[in-house]
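Throughout, read-outs are computed from the coordinates displayed, never taken from laboratory work. Note that this is a predicted model, so its numbers are computed, not measured. Every residue, glycine as well, gets a Cβ built from its backbone with ideal geometry; the counts of neighbours run over all protein chains shown.
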Amino acid sequence: MRYSPANYYLPHESPMVMIEKVHLITDEQCICSVQVSKTSVLAPFLNSDYSLSNFYAIELMAQTIGVWNGYYGLMKNSKPVLGMLLGGRSIKTTLQNFPHNCRLMIHTNLVLNDARLANFDCNIMIDEQCVATGKLNVYEPTLSELDQLFGKTRLGEEE
């Protein structure tokens, strides 16, 4: 199946979209990728040697989950909505930095989905090597909860 670019499924705007390509979306899995290079969407976040610090791994995992959620939202005629990362467990990386010119393959696997709360097992691969793993808990707030969080009234006006 052909998918749109990752930014189509996310509510983010550039430069905050950190993944590029969608490879697979199923009921329980999403695989996306991004190239670590000075010409990719990651360019604003790269170190002086054009590598990407490993602390971005959690955001890459979260955005891949966001693609999964956005895809299924669009299937229900909803535009992509903001999700929240509640936390992560067992986050581990084997590299301090993801090297320049590598392709990061981000895999997320649904473990639990209960209404607006979900848990995913995630990993990031370079070639056939797993370089990061983690379990992420995510939440999809209602519009009313987002309004409260960002200090807006139900009509969308500043308080």
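Ordered by residue, what ³J(HN,Hα) values in Hz, to whole numbers, does segment 129-138 give under the Karplus form 6.51 cos²θ - 1.76 cosθ + 1.60, where θ = phi - 60° and Gly and Pro are x?
Each residue of segment 129-138 in turn: 9, 7, 10, 7, 9, x, 10, 10, 9, 10 Hz.
Treating only the Cβ of Lys, Arg, Asp and Glu as charged (+1, +1, -1, -1), what charge dipole size does segment 1-142 show about its Cα centre? Round to the nearest 20 debye.
Computed about the Cα centre, the dipole is about 140 debye.
Hey, if you put +1 on the Cβ of every Lys and Arg and -1 on every Asp and Glu Cβ in segment 54-131, which of Val131, Ala62, Val81 ends up farthest toward the positive end of that dipole?
Checked the options; the winner is Val81.
Order of Arg103, Arg89 from fewest to most other C-beta atoms within 10 Å?
Ranked by crowding around the Cβ, least crowded first: Arg89, Arg103.
Starting with the highest mean, order 29-40, 108-119 by the number of other Cβ atoms within 10 Å, averaged over the residues of each peptide.
In descending order of packing, they fall as 29-40, 108-119.
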